[in-house]
Structures are given as structure tokens and as C-alpha cells.
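First comes the structure, then the notes that go with it.
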Amino acid sequence: MLYRLQIALVFLAPVLLLAALYVLGDALGVRAPLLGRGYVIRLPLPEAGATVGLPPILGPADPARPLVVIDAGHGGHDPGASGAGLREKTLALALARALRDRLLDEGGVRVALTRDDDKYLVLEERAEIARQLGADLFLSIHADSAGDKEAVSGASVYTLSARASSEAAARFAARENSADVVNGVPLANQDEQVNAILVELAQRQAQEQSDEFARLILREGQGVLEFHPQPRRSAALVVLRAPDVPSALFEAGFISNPEEAGRLASPEGQASFAEAMARAIRVYFARQTVS
Ligand SMILES: [Zn+2]
């Protein structure tokens, strides 16, 4: 019992001393340390309703110029696929930057990147950035992996489909969409319920434009890029679900194929991609202006 009291006193003594100083300090002329006073910790919080982290729009200041939002897939704690010492998130960002630079060099088009560093964005956020910026076109860039099937190679272009067009597309959708599911619980799972008819009309038009854009990517990429034998696909991809922004997802190739991985990681391979994709984007915008 005595021991317990002694041990308790050992711990209590400094507390009691401090308490005594606070109570009697002024009278005794001894100042107690002012714990926690004099510190102001400010946490900047976004204003209610404000969108967090809208990226800058680059290129001409003229808002009449078409705006393409380029989305480098994955990022942060979500590396995406990996192979040949490459990570999808890193490659996607390099390709996105190459395309951005190419478009800005050629001029006339405004460009924004959903991410320009290694940060994580949930899928809905990516499409939402495009919508908030009033984008005319949205392109998400990814790279694929076929595991140990090293021979599989080639780029493909995805657009949104209500139903996955093939089993492969469905598997792809499940994998790409899984980024927003933590412990089986979706982080964001809202349905568009605002005026279903208007949304559907907008979506139908965006879908036609998305198909046109995808077709142009294949056309302009011919002879410049290596395409998968079945390069045109559709899947239920969350990132393409903006109802009013024509959107496509470009799978640049398989980083599980060492040769393709090397090409995609090289300045030459990235320049080829940027050249073909920039051309497809320009032709797309030119046609939208005419029609
Ligand atoms: Zn991906």
C-alpha cells in the first residue's frame, strides 16, 4: 500500500507542483510556465461549396478556345498497374504532360491536367474537374498489364457503355473502378437523379461525340502508335461518366510487355503518342466547330 502511494506521488508530484504554481505563483513571485498559451493553430479550410483544387487552365486566355482536360490515371497511394520497373501512375503522368506540352506548343487549344503531380484523386473527382472547368473534351490516360503474359501488347481506346461490350472490358471496368472502393465500401456512390431526361439527352450527345473522338484517335494513331488487335472498346468506367463532357480513356499499352514498356517510357515513344493524340484532338475540335 505504501509503495503504491509512493509510486502515485512520483507521478503526481510534478502535476501538483504545477497546479500549486498556477494557484500561488503570482503571490509567490514565481511564474508558472504558460502551457499552450501564445499558440494559434490555423487550419485553412475550403469555403463551403467551393471545389477543392481546381487545376489551372493553360494556353490562350480566350475562353472561346476549346478546353481539353487530360487525366493521368491513378496516382498517390494508387500506383495502378506495374511491370518492367514501371508504374502506371508515373507513365500516365509523363504521357499526359507530353500531350499537354504538345498541344500548348501548337497553340489554339486550352489544356488542364487533373493532376500534375503524384497525388490521388477519386474517380468521380476527375470527371467532376472536367465538368467544373467547362471542358469540351476529357481524356483519361492509362497503361495496362496482362500479368505474366508478356506477349500481349498494344493500345486501346475506351468509351463509356451502359453494358460492358465484352468480358475483358467488364474485368477492366471492375479493376479501374476498384480505386474508389476502400475495404469494399465505395467512397462515392451517387446517382444522377437530377432531371433524368435532360441528363440522358446530354449523355447521348456526349456519347456520340466520344465515339467520334475515339474513332479519330484510332485514325490519327494509325502507323504512329501500336494498337491492340481489338483496340476499340467500351466499358462502364466511372471516370468517363460525366454526362455532358465527351470522354475517352486511352490505354497506352501494356507495361507487362518489356518492349512496349520501354517504348512508352522513352522520350520518342511519348512524343509519338503526343503527336498522334494532339492531331486527333485538333481534328475532333475542327469538326465540332463545323457541325
Ligand atoms: Zn489504369
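The values are calculated or read from the model by the stated rules, or taken from the named source; none is laboratory data. Quick caveat, the model's predicted, so the values are computed rather than measured. Here the Cβ is made from the backbone with ideal geometry for all residues, glycine too, and neighbour counts use every protein chain on show. The area values use the complete protein model at the heavy-atom level, side chains included, leaving out ligands, DNA and RNA. Shrake-Rupley method; radii C 1.70, N 1.55, O 1.52, S 1.80 Å.
Here is a list of conditions, (1) open to solvent by 10 Å² or more (accessible area, probe 1.4 Å); (2) at pLDDT below 95, and ASP136 meets all of them except one; can you say which number that is?
Condition (2) is where ASP136 drops out.
Out of all the residues in the range 66-86, which are more than 10 Å from the ligand (Cβ to nearest atom), buried (at least 17 other Cβ atoms within 10 Å of the Cβ) and modelled with pLDDT under 95?
Once the filter is applied, which keeps residues that are more than 10 Å from the ligand (Cβ to nearest atom), buried (at least 17 other Cβ atoms within 10 Å of the Cβ) and modelled with pLDDT under 95, the range 66-86 yields SER82, GLY83, ALA84, LEU86.
Among the numbered conditions (1) touching a residue at least 40 places away in the same chain (Cβ under 8 Å); (2) in a helix (DSSP H, G or I), tell me where ASP116 comes up short.
(2)
Would you confirm whether or not the range 34-42 contains a residue that is part of a loop (DSSP other than H, G, I, E, B), more than 30 Å from LYS119 (Cβ to Cβ), at pLDDT 75 or above and open to solvent by 60 Å² or more (accessible area, probe 1.4 Å)?
Looking only at the range 34-42, we keep the residues that are part of a loop (DSSP other than H, G, I, E, B), and these are 34-42.
Restricting the remaining residues to those that are more than 30 Å from LYS119 (Cβ to Cβ) gives 34-38.
Narrowing further to those that are at pLDDT 75 or above: none.
No, the range 34-42 has no match at all.
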